[in-house]
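Visitor: One structure coming up, written as C-alpha cells, with questions to follow.
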Amino acid sequence: MVQPISVFKGLEGVYVTESALSLIDSENGVLYYAGYDVKELVERSSFEEVVFLMLHQRLPTSSEFTEFLKLLRRSQELEPIHIETIRKYAGVTDILSLLAMLIVLEGRGKIGGNSNDFNAAVNAVAKMGSFFSTIIRVRYGGDYIPPRRDLSFPENLLYMMNGEVPSREHADVLDDLLILHAEHGIPASTFASLVAASTLSDLYSSIAAGILALKGPLHGGASEASYAQALSIGSVEKVPEWVQLTLSEKKKIMGFGHRVYKIYDPRATIVKNIIARFMGSMNSEVKKVYEITRALEEYGEKYLASRGIYPNVDLWTPILYRMIGLPADSFTALFAVSRTAGWVAHILEYWRENKLIRPLHLYVGERPRKYIPLELRTGS
Ligand code: ACO
C-alpha cells in the first residue's frame, strides 16, 4: 500500500540538523547558550564573550579572550569601499538592506566551506556592528568615525553612531540586548543562512541570506512593527477595544506568539526586568509606549494565553532600543548585528558535516499534458 506523504508546512516540528549552540527549554521557559542560562550571561557576561562562546562552545581563558578582543577590535575598522558604499546608499535604502549589501561586499572573492574560519566569523560580527553604526550616523548627516580600541563592542557601536562615548548604563543595556538576541536555534533567518551555506556559498553571503530573512514582521521585523503598533494605538485607554477589534478581524498582535514557546518568552521577562531599572529615566515618548505595551500585554494575554500565545521578546525590546537612542527603523538591523554571532556559529558548525539542504515539494498540479501551439488554442 502506498503510504500517504506528510507535508510539514513551515517545517513545523521538523529537526533539520544537530547543534550544540543553544537549547530552548520551552516547557520551563529557559534559554541556554552552550549550556549557560542566557539570564546568567546577561547578568555576568559580555557580548564579546558570548561571541567566543558561540564559536567555541566554551568560555575563553583570560589570555584567549585578550587575543580574541584584539582581533575583534581590529576587525571593527571599516575600509574605504564600505564607507563609500554607506555614503552612497544610507539615505536611499533601509538599514537592513544596506547591511546585507555591505556584508555581501565583504565576501567578495571568498569561498565557503571552511568550518575553522573563525577569523572570518569574528570579522563578520565586528563589521556588522561598524556597518550598523556608520549607516545610522551617515543617514543623519554625519560621517564615519573609526572605532576606538579601548572601547567595548557596545560602547563602540554607540560611539560610532553618536560621536560620543555612551554612558555606562546605555552601553550595559545594549550589551544585554546583544547577548539576548545572539542565538536562538533555527528560526527562519538562521535556516536561510544555513540553506545558503549548505551550497558552499561564502560565509558573508550566507549571513546576507539570514539578514534578509530577518526583515519580515513575523520574525525579526516584529520589534519595529510592535513599536509602530503601540504608537498607532495611541493611548492606554484605547488598548482593550483595539485588541478586541484586531482579534475579531483575525489580525495578529505584533510581539505576541512564537513557534517554539507556548508559554511566556523568557527573553521578554529578562527585558522587562531591565526596563524596570530605568523607569525613572524614561522620556515621555518611551513612557507612553511602555504604558501602552503593559496594557497590551494584559489584554492580549486575556484573549490569547489560553491558546498558548504569549508575549514574545519583541513586544518589549522597542522600549529599551528607544531608551538608548536608536532610531525606530534600526531595531531589526541591530537584531541582525547581534544574531550574526549565532549565524556564523551555526554555519561553521554545519560545514563540519555539510549536506546540501534540498527538501521536496508534493506536486499537486496538472498531470503531464501536450503543449498546444498558441494559434491552435481554443480557450480553457
Ligand atoms: N496575534 C493573534 N493571533 C495569533 C498571533 C498573534 N500574535 N500569533 C498566532 N496567532 C494565531 C493565528 O492567527 C492562528 O490562528 P488560527 O489557528 O485561528 O488561524 C494561530 O494562532 C497559529 O498561528 P501561526 O502564525 O500559524 O502560528 P506560528 O507557530 O507559525 O506562529 C508567529 C508564530 C509567526 C511568530 C506568530 O505567533 C506571529 O505571527 N506573531 C506575531 C509576529 C511576531 O511577534 N513575531 C516575532 C516572533 S519572535 C522572533 O522572531 C524574534
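The values are calculated or read from the model by the stated rules, or taken from the named source; none is laboratory data. Treat the numbers as computed from the prediction; the structure is a model and nothing was measured. Cβ: placed from backbone, ideal geometry, glycine included. Neighbour counts: every protein chain shown.
Visitor: If I ask for residues that are within 11 Å of the ligand (Cβ to nearest atom), buried (at least 20 other Cβ atoms within 10 Å of the Cβ), farther than 19 Å from Ala333 by Cβ and not β-branched (Val, Ile, Thr), which ones from region 230-259 would you list?
Guide: Of everything in region 230-259, those that are within 11 Å of the ligand (Cβ to nearest atom), buried (at least 20 other Cβ atoms within 10 Å of the Cβ), farther than 19 Å from Ala333 by Cβ and not β-branched (Val, Ile, Thr) turn out to be Phe256, Gly257, His258.
Visitor: Confirm whether Val165 is out of contact with any Lys or Arg (no Cβ under 7 Å at 6 or more places or on another chain), away from the ligand (no atom under 16 Å from the Cβ) and either modelled with pLDDT of 95 or more or not charged (D, E, K, R) (or both).
Guide: Against the criterion (out of contact with any Lys or Arg (no Cβ under 7 Å at 6 or more places or on another chain), away from the ligand (no atom under 16 Å from the Cβ) and either modelled with pLDDT of 95 or more or not charged (D, E, K, R) (or both)), Val165 qualifies.
A quick yes/no check of all residues on (1) assigned to a helix (DSSP H, G or I); (2) in contact (Cβ under 8 Å) with a residue 40 or more places away in the chain; (3) over 23 Å from Glu224 (Cα atoms); (4) out of contact with any strand residue (DSSP E or B) (no Cβ under 9 Å at 6 or more places or on another chain):
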| site | (1), (2), (3), (4) |
| --- | --- |
| Thr93 | no, no, no, yes |
| Ala100 | yes, yes, no, yes |
| Ile111 | no, yes, yes, yes |
| Ala121 | yes, yes, yes, yes |
| Ala126 | yes, yes, yes, yes |
| Gly129 | yes, yes, no, yes |
| Ile179 | yes, yes, no, no |
| Ile186 | no, yes, no, yes |
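Visitor: Right, next: Does any residue in region 224-242 that is farther than 29 Å from Ile95 by Cβ and in contact (Cβ under 8 Å) with a residue 24 or more places away in the chain come within less than 7 Å, Cβ to Cβ, of a residue that is in a helix (DSSP H, G or I) and among the aromatic types (Phe, Trp, Tyr) six or more places away or on a different chain, and which pairs are these?
Guide: Qualifying pairs under 7 Å: Val239/Tyr299; Pro240/Tyr299.
Visitor: Next question. Quick one: count up the residues across region 58-86 that are without any contact (Cβ under 8 Å) to a residue 40 or more places away in the chain, surrounded by 13 or more Cβ atoms within 10 Å (Cβ to Cβ) and not in a helix (DSSP H, G or I).
Guide: 2
Visitor: Consider Trp343 carefully, then state whether it is outside the structural domain of Gly113 (by TED's automatic domain parsing) and within 16 Å of the ligand (Cβ to nearest atom).
Guide: It is false that Trp343 is outside the structural domain of Gly113 (by TED's automatic domain parsing) and within 16 Å of the ligand (Cβ to nearest atom).
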